[in-house]
Every structure is written in structure tokens, then in C-alpha cells.
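The values are calculated or read from the model by the stated rules, or taken from the named source; none is laboratory data. A quick note: this is a predicted structure, and the numbers were derived from the prediction, not measured. Neighbour counts are summed over all protein chains in view; Cβ atoms, including those assigned to glycine, are modelled from backbone coordinates with ideal geometry.
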Amino acid sequence: MADLDRLVEQIHQCQRCRLYKTATMAVPGEGPADADIMLIGEGPGFHEDQQGRPFVGAAGHLLDELLASINMTRKDVYITNVIKHRPPNNRDPMPDELGACRFWLDQQIERIKPKLIVTLGRFSMQLAFSGVSISRIHGTPKKIGDIVYFPMFHPAAALHQPRYRTLVEQDMLKIPQILADLIDIDPGGDDPAQPQQLSLL
Ligand code: URA
């Protein structure tokens, strides 16, 4: 079994935090094992929890539209979340849950080796940007090590608040150029050499 498949199997068995007890099933993520782009959301919602697949509800439909706007489909990207089991009633993930689940995300990143990680929302943004507001830094790429991180608002925010919709659409349209320019993005100032632990821990 390929490395990534084995990892997915392990995530399905995960009991590293309390969330497996209330979830229907884990949502490890999906996409090509050699994807250049990885999209990282927050955690499974109702539909994802039922189907075991990421972004299959309303936010997922918007994500499909956003990908189509840059001539991509889900088959071109690896999609996952910082949390692999649905929190009860879609509450925010707790710091210890984020810490426990980081174990899996790090291994996914290590195996897939994406060139670009698009963070969707404030939780996955913490992988590369801490102590800053998403309103200030969305749409601004940052290179850490070999990976460019690109923070965007979560598609669900765009569904609930129309003013975010334009921002999400505009940020998505920047991605093709970022991919083209990848090697030209400076590893800015005092960035650490490796992504930091989530600042919420
Ligand atoms: N929201 C997320 O952050 N992830 C999903 O998989 C679905 C909705």
C-alpha cells in the first residue's frame, strides 16, 4: 500500500483526541498524492462527517466554483482540514484537538510535498501566520522552507457574508500567477525555517 493510503487508513482509526467519539467517521482528505497545491480547511461539517470526504457541503460547492475560476477541479489539488473528525455541532476545534491532529497534517504535507498550501480560514492560517488578522494578510503569499503558504478566507465566510465573497474570488484568481512565480517569492525577513506549531496550542 502506498504511503499516503496507509496514512489515510491510520487517520480512519485515529483516537488521538475526543472527537472520534462523537463523529460518524474521519475525513482524512483526498486528492492526488503528488499534488502541487494543498488546500487546508478547518474541519469536517455535517455532510463531510456523513460521507468521509472534505468540502462536500455548501462551502465545498463554492470551493468547486472557485477552483473552476482558475480552470482547476478537485482532481488537481489535495484537500484536507486541520481537524479530521467533526467537532460536535460544528464548534471550533479546541487547542488540544488541533495539537493532536497536527500529527496527521504534518505527515500529509511531508508525503505530498505540495509547492503551495492554500489555507482556508483562520485555523489553518495559523500553520504559517500567527498573531495576525486574516483580514490583514489574506491574499498575501509567504514562503517558509520549500512551501509557499497563501491565506484565504474560508469559503463558508464568503457564503455567510457577501463582502467576503469578492475577496475570496479575487484571492483565488491570484493562484495561477503565484504558481508561476513560485521560485521568485522571498522567504521574508524573520520567518522561521519551518512552519510553526499552531499558535493556539
Ligand atoms: N469546512 C471545512 O473547513 N472543511 C470541510 O471539509 C468542510 C467545511
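Look at Phe46 and say whether it is aromatic (Phe, Trp, Tyr), within 11 Å of the ligand (Cβ to nearest atom) and buried (at least 17 other Cβ atoms within 10 Å of the Cβ). Criteria not met by Phe46. Would you check if Ala26 is away from the ligand (no atom under 13 Å from the Cβ) and of a type in the set (Gly, Ala, Ser)? So Ala26 does not fit the description; no.
Which of the residues that make up the range 88-106 are hydrophobic (A, V, I, L, M, F, W, C) and within 11 Å of Arg18 (Cβ to Cβ)? Result: Met94, Ala100.
The helices (runs of 4 or more DSSP H) found wholly in the range 86-201 and carrying at least 1 residues that are over 29 Å from Gln51 (Cα atoms), of a type in the set (S, T, N, Q) and modelled with pLDDT of 95 or more occupy 134-137, 162-173, 175-181. Just one of (1) at negative phi; (2) within 15 Å of the chain's Cα centre (by Cα) fails for Gly31. It is (1). Residues of the range 33-70 that are in contact (Cβ under 8 Å) with a residue 60 or more places away in the chain, within 19 Å of Leu116 (Cα to Cα), out of contact with any Leu (no Cβ under 6 Å at 6 or more places or on another chain) and outside any strand (DSSP E or B): Asp34, Ala35, Asp36, Glu42, Leu63, Leu66, Leu67, Ser69, Ile70. For the range 40-63, the set of residues classified as among the charged types (D, E, K, R) and within 18 Å of His160 (Cβ to Cβ) consists of Glu42, Glu48, listed by residue number. Contact annotation: residue pairs with Cβ atoms under 6 Å, 6 or more positions apart or on different chains, pairing a residue in the range 75-100 that is touching a residue at least 40 places away in the same chain (Cβ under 8 Å) with a partner that is in a helix (DSSP H, G or I) and among the β-branched types (Val, Ile, Thr), are Tyr78/Ile112; Lys84/Ile11.
Taking the range 88-126 as the range and being polar (S, T, N, Q) and either away from the ligand (no atom under 11 Å from the Cβ) or surrounded by fewer than 24 Cβ atoms within 10 Å (Cβ to Cβ) (or both) as the test, the residues that pass are Asn89, Asn90, Gln107, Gln108, Gln126.
When His61, His85 are checked against the criterion of being over 12 Å from the mean Cα position of the chain (by Cα), surrounded by fewer than 16 Cβ atoms within 10 Å (Cβ to Cβ) and within 13 Å of the ligand (Cβ to nearest atom), a single residue qualifies: His61.
Within the range 1-16, being of a type outside the set (Lys, Arg) and either under 13 Å from Leu105 (Cβ atoms) or outside any loop (DSSP other than H, G, I, E, B) (or both) holds for Asp3, Leu4, Asp5, Leu7, Val8, Glu9, Gln10, Ile11, His12, Cys14.
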